[in-house]
Amino acid sequence: MRSRYSAFVKENAPYLLDTWHASTRPTSLDFEPGLKWLGLEVKSHTSHENEAEVAFVARARQKDGRAFRQQEHSRFVKENGQWFYVA
């Protein structure tokens with residue numbers, strides 16, 4: 001989760017797409033111009049052998065100065081030793 005947050009901060013679309021599960025991966029990503037990410041707080045996480053869930057809040061500031069919070073409960077699966085974001 002932290003590596004994907006860092007990739008959003010750096011607008012690293014190739015990494016995000018590479019770590020997105022093929023069943024839900026978009027064909028491309030667009031980043032909001034001027035969005036400044038301010039932090040990630042992992043609220044909870046559970047992990048089993050090949051599945052994991054992470055609840056988090058990511059904070060950002062939009063170009064016009066308004067605050068933005070993305071709150072999500074994400075699912076991940078592990079395939080061939082690599083974790084992929086599902087939804």
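Readers should treat all values here as calculations from the given coordinates under stated rules, not as data from a laboratory. Nothing here was measured: the structure is a model prediction, and the numbers come from that model. Cβ atoms come from the backbone with ideal geometry, glycine included; neighbour counts cover every protein chain shown.
Worth pointing out:
Each row is one residue, and each column tells you yes or no for (1) within 12 Å of the chain's Cα centre (by Cα); (2) in contact (Cβ under 8 Å) with a residue 40 or more places away in the chain.
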residue	(1), (2)
Met1	yes, yes
Glu11	yes, no
Thr24	no, yes
Phe31	no, no
Leu35	no, no
His45	no, yes
His73	yes, no
Trp83	no, yes
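- Of everything in region 20-41 that is closer than 20 Å to Gln82 by Cβ and touching a strand residue (DSSP E or B) at 6+ places or on another chain (Cβ under 6 Å), the residue that is surrounded by the fewest Cβ atoms within 10 Å (Cβ to Cβ) is His21.
- Taken as a whole, the structure places Leu17 among residues that are within 12 Å of the chain's Cα centre (by Cα), without any contact (Cβ under 8 Å) to a residue 60 or more places away in the chain and surrounded by 13 or more Cβ atoms within 10 Å (Cβ to Cβ).
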